[in-house]
1. Highest first, please rank the peptides 191-199, 102-110 by the mean number of other Cβ atoms sitting within 10 Å of their residues.
2. Ordered by packing density, taken as the mean number of other Cβ atoms within 10 Å over each peptide's residues, highest first, how do 142-148, 120-126 rank?
3. With an 8 Å Cα cut-off and a minimum separation of 6 or more residues, compute the relative contact order for the stretch 125-175 in percent.
4. Output the peptides 212-222, 89-99 sorted from most to least packed, where packing is the average of other Cβ atoms within 10 Å over each peptide's residues.
Amino acid sequence: MIRQVQSAVARSTRRQAKLGFTLVELMVATTIFTLAALGATAGIIQATKLTAKGRYRDRALTVLQTLTDQFQNAKYKKADERTTKPLFTPTTAPTGTGLAWNYRNGNYLYVDDGGTGPTGWTEVVISDGDKSGDYALGTDDGLKIYLARPGIFDLSGAPIATITREVTYIDPTTGATDAGISQPRLGWLLKATFTLTYRYGRVANGGSFQDEEHRFTAVVLRHTNITDK
């Protein structure tokens, strides 16, 4: 009888030991799976951030390319054939005056000094908290725009870019620059430097994190003369 009881206890102990070993295996497997899932999730998040970073970089370069194309190809005189358009007015410091942006088709928008956009269009003033609209106007502090795709009416998800221009006239015979004249002399060159900056992403900085700054600059030259309109 005693032997039977001892045998039953031994079998029960073995079953419990076997069950305990299975639970340990399950816990280990669960831990490994959790770590793998966390790693995969982190990888997906990082890939998403890199994709967004590349998308906004491409958008910023497209904006700069649009501005340089406009500067090279547009007529720099107003309809009166004598007054220089704001985009081509010489500057003494980086500024956003003379710059405007069309959110509807993602292009440069020409507006006169102190003017407004087309009739029925809504201006986007980021400093006022505007997150939708049709166009933006530059100020002394720069042209501030959302780096959103053309035709996007809700602009709040895109980073904010600041664009400035610097324009000078260059004497091609001497290479001297002169930002103090209002009209170029015959044969002079017109030089523009467009700078676009925005912040997107987080980077470590001495134990803390801060927004990563992205800066792009484009320099363009064009010929001009007194009769160009």
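1. Working: 191-199: 19.3, 102-110: 17.0.
The peptides rank, most packed first, as 191-199, 102-110.
2. 142-148, 120-126
3. Details: 47 pairs, mean separation 15.6, N = 51.
Rounded, it is 31 percent for the stretch 125-175.
4. 89-99, 212-222
Each reported figure results from applying straightforward, stated rules to the coordinates on display, with no laboratory input. Treat the numbers as computed from the prediction; the structure is a model and nothing was measured. Cβ: placed from backbone, ideal geometry, glycine included. Neighbour counts: every protein chain shown.
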